[in-house]
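Values quoted throughout were computed directly from the atomic coordinates according to the rules given, and no laboratory measurement underlies them. Just so it is clear, the model here is predicted, and its values are computed rather than measured. As a convention, Cβ positions derive from the backbone with ideal geometry for all residues, glycine included, and neighbour counts pool all protein chains shown.
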Amino acid sequence: MTVHIEDAPPDVSGATSKGPPKRRTGRRLPTGWVPYLLILPSIAALVAVLGWALVQNLIISFQEFGRRQLISRTTEWAGLDNYRTILEDERFWDAVVRTFFFMAANVVLIMGLGTLIGLLLHALGKKMRLVLAISLVAAWAMPVTVSTTVFRWLFDQQLGVVNWALSSIGFSSYEEHNWFSSGASTLAIVTILIVWASVPFVALNLYAGLTTISGEIFEAARMDGASNWRLFWSILAPIMRPFFMITTFLEIIWVFKAFAQIYALNAGGPNRESETLPVMAYVEGMSQSQYGSAAAISVLTLVILLVAMSFYFRLIFKQEREQL
Amino acid sequence: MRNARKLWLNGTAVILSALFLFPVYWMFSTSFKSSTDVLTDDPVFLFTPTFDHYETATAVELFWTYVGNSFIVTIGAVLLALLVALAASYAIARMQFRGRRGMVLAVMMAQMAPWEILIIVVYLNARDLEMLNSLLTLTLIYFVMALPFSIWTLRGFIAAVPKELEESAMIDGCNRAQAFFRVIFPLLAPGLMATSLFGFIAAWNEYAMVLVLNKDPEAATLPLWLTQFQTNFGNDWGATMAASTMFTVPVLIVFVLLQRRVTGGLAAGAVKG
């Protein structure tokens with residue numbers, strides 16, 4: 001499970017914060033050094049830890065940095081060599097393609113299933129809705145490292161319950177099937193894991209959004225003879241469009257940088273076949289001691305992520321404009 | 001017709017509930033099975049529960065060190081984040097200053113920071129500063145991870161407290177600091193609670209950083225212990241699931257607490273009076 005921090009900020013900014021912050025009559029908002037003093041610790045912490053890491057990452061990506069340099073603590077500049085090596089490395093391009101397919105499959109499944117389950121929650125009666133919501137929250141609450149461990153157990157070769165279930169319903173070839181024998185199969189398990197853990201976020205938030213839409217709209221449309229399909233695409237989808245857009249980009253970003261699930265499940269193996277970009281950067285650095293090229297991979301990954309993020313932020317700003 | 005639809009919906013809901021719940025259930029049930037019930041080709045669904053695996057898992061060398069480390073790091077990071085975020089979010093929510101928009105933007109960007117991709121460079125930086133295998137380093141990093149959304153969440157809660165409350169306190173003779181501590185701060189309890197719980201979950205679950213930074217078992221936290229448990233204990237799935245369950249319980253408690261998060265109610269009550 002990832003903690004979905006976007007769920008954290010409950011939108012409680014009332015009428016007081018709305019509207020342009022024009023000078024109010026009676027009292028002036030203070031200017032001067034006080035606000036700067038208040039934000040200083042935050043800025044300092046962010047710059048010292050996050051900012052420095054980003055800058056160092058860029059600097060190291062231009063260095064020849066292996067085990068030797070790590071021990072001797074010397075700096076050897078390499079210009080664009082790391083990038084050249086990476087971009088000519090077939091393994092890198094494999095990882096890029098793999099990452100994109102992996103991300104696309106995950107996001108489509110998460111959004112599709114999440115939407116269907118959200119709609120189902122809306123259509124259910126009170127009791128059944130509570131049952132389903134509790135199950136979703138339970139899956140959502142599972143820490144990533146725990147769910148990864150549990151999935152390893154579920155898909156265990158000898159004693160796993162999945163192999164047992166598959167072979168007892170007639171797929172005898174799954175008896176003692178090793179799910180982690182190839183990169184594709186490993187990533188399929190990671191996909192099930194991530195989809196299982198992420199669908200609750202989409203479904204529960206969609207349901208919460210649906211409860212704010214008045215039922216009259218649907219009744220009126222149904223009177224006019226609209227089908228369910230039509231209701232969804234002509235009424236629901238347009239109303240919930242901001243939600244769908246923002247959530248899709250969030251999931252793209254989250255899945256793209258997924259690390260713990262992939263690494264803890266099979267360490268990017270077998271034979272580095274299930275490495276996505278973040279895992280590849282880690283393996284290059286920590287296992288191969290190629291810190292320079294690890295940094296270069298991570299810079300390139302950041303650039304790809306920034307594209308997704310810029311779309312996300314554009315959407316968020318449209319939403320939040322009146323609050324800023 | 002109506003009944004058929006209802007049956008269909010409820011049936012789907014039951015199957016989905018079972019699918020989502022199953023891994024959680026399987027973790028709990030495996031942890032209470034005896035080893036013979038775990039190590040069988042045909043899974044056992046009815047069994048006499050035993051606490052053996054919990055004994056095995058907690059008897060692991062350094063187990064209590066990991067528990068202690070996890071709590072120190074998590075609580076340290078959350079408290080630090082609350083303190084620092086409170087100041088910044090007050091400035092953002094209530095004050096007008098040059099660079100405010102930039103600050104909001106920085107906070108939002110930092111909230112999305114791809115830490116997973118920066119682990120190598122964080123490792124190298126920590127190494128240069130000789131801060132590897134240190135709980136302080138981990139606390140500081142988790143604090144910075146939790147900081148952006150703490151600022152963001154608290155900003156919302158502070159903005160929800162009507163300005164008039166603060167203004168009337170100031171008319172009654174409070175200065176700005178007094179108005180904050182006597183009027184706003186008491187109303188922020190739900191906000192501080194929600195913020196710290198989310199911070200708790202983020203830090204408690206964090207895996208990538210501790211994986212590279214604190215390889216020394218003395219400085220490791222529970223997520224690292226959990227993922228390495230199997231490597232160290234082979235196929236003792238019962239004990240592994242007991243360890244997983246113990247690690248999950250605090251998170252489940254936090255989730256239950258968050259469900260009750262009541263927001264805005266207090267402030268609304270305060271103006272009505």
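So the values come out like this:
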| item | result |
| --- | --- |
| Two-site label geometry, A:W77 and A:I213: point separation in nm, points 7 Å out along Cα→Cβ | 5.8 nm |
| Cβ neighbours within 10 Å from other chains - mean over A:130-141 | 6 |
| Tensor-based shape of the protein assembly as shown (alpha-carbon gyration tensor, a/c under 1.5 rounded, otherwise prolate or oblate) | oblate |
| Whole-angstrom gap from region A:52-110 to region A:251-324, using each part's C-alpha centre | 11 Å |
| Separation of alpha-carbon centers, region B:174-244 and region A:157-225, rounded to whole Å | 28 Å |
| Listed peptides A:293-300, A:100-107, A:123-130 by packing density, highest first (mean Cβ within 10 Å) | A:293-300, A:100-107, A:123-130 |
| Per-pair calculated FRET efficiency, R0 = 41 Å: B:D42 and B:F185 via Cβ, rounded to 0.05 | 0.10 |
| Ellipticity estimate at 222 nm from DSSP helix runs (n ≥ 4, -39,500 (n - 2.57)) divided over chain B, nearest 500 | -24000 deg cm²/dmol |
| FRET efficiency estimate (nearest 0.05) - Cβ-Cβ, A:A123 to A:L166, R0 30 angstrom | 0.45 |
| Helix-only CD estimate at 222 nm, as mean residue ellipticity for chain A, using -39500 (n - 2.57) per DSSP H run (n ≥ 4) | -20000 deg cm²/dmol |
| Global form of chain A, assessed from the alpha-carbon gyration tensor, a/c cut-off 1.5 | oblate |
| Calculated Rg and Dmax of region B:14-139 using C-alpha coordinates, Å | 23.1, 68 |
| Potential extension, B:E218-B:F28 segment - 0.36 nm per residue separation minus Cα distance | 65.6 nm |
| Axial C-alpha extent at least 27 Å, average Kyte-Doolittle at least 1.6 - helices from chain A (DSSP) | A:183-210 |
| Spin-label model distance (nm) - A:N228 vs A:A44, 7 Å beyond Cα toward Cβ | 5.9 nm |
| Environment charge at B:L132 (Cβ cut-off 15 Å; Lys +1, Arg +1, Asp -1, Glu -1) | -1 |
| Ellipsoid semi-axes in whole angstrom, largest first, where each is sqrt(5λ) of the Cα gyration tensor of region A:161-284 | 40, 22, 10 |
| Interchain or long-range residues, amide H under 5 Å from A:Q63's placed H | A:A78 |
| Residues B:L79 and A:Y36, FRET efficiency given R0 of 22 Å [Cβ-Cβ distance, rounded to 0.05] | 0.40 |
| Distance from region B:1-80 to region A:128-152 (C-alpha centre basis), Å | 9 Å |
| Ordering of B:12-20, B:134-142 by packing [mean C-beta count within 10 Å, highest first] | B:134-142, B:12-20 |
| Cα gyration tensor shape for region A:244-324, rounded if a/c is under 1.5, else prolate or oblate | prolate |
| Average beta-carbon neighbours from other chains, 10 Å sphere, peptide A:150-157 | 5 |
| Within a Gaussian network of chain B (alpha carbon springs, distance under 10 Å), most fluctuating of B:M241, B:M103, B:M27 | B:M103 |
